[in-house]
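Working notes for the structure below.
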């Protein structure tokens, strides 16, 4: 299952995120989304866990939990086509 993790501290690394989710089961991949120009974290990322039950347990336990001073948001990631369209900024 692909899991969205938002409202993260900019100092969280992929290794830290992997450690947090590994307590609930196997983690196959972790990616933190970064600004393409500065390389700075955008404050959200994705964690992939192969077992549905472990992923659901991690979501329940970690959603709204405090990590490095911020309450993270954790839920099942939606496919791109299911997300609302963003309006153009002018």
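Bear in mind these aren't lab numbers, they're just calculated from the coordinates by the rules spelled out. What you see is a predicted model; the values in this text were computed from it and never measured. All Cβ positions, glycine included, derive from the backbone under ideal geometry; neighbour counts span all protein chains shown.
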Efficiency of FRET from Cβ geometry, residue 60 and residue 81, R₀ 35 Å, rounded to 0.05
0.85
Under the rule of -39500 (n - 2.57) per DSSP H run of 4 or more residues, summed and divided by the residues of the chain, what mean residue ellipticity at 222 nm is obtained, to the nearest 500 deg cm²/dmol?
-6500 deg cm²/dmol
What do you get for the angle between helix 52-62 and the principal long axis of the chain? Use alpha-carbon atoms, 0 to 90 degrees, nearest ten.
70
For Cα extents along the principal axes in Å, the listed values are [x] 38, 32, 22; [y] 43, 29, 22; [z] 31, 28, 20; which was obtained by calculation from the structure presented?
[y]
With a 10 Å radius around each residue's Cβ, average the other Cβ atoms per peptide and rank 65-72, 13-20, 41-48, highest first.
41-48, 13-20, 65-72
Computed over the chain: relative contact order in percent, which uses C-alpha pairs under 8 Å that are six or more apart:
37
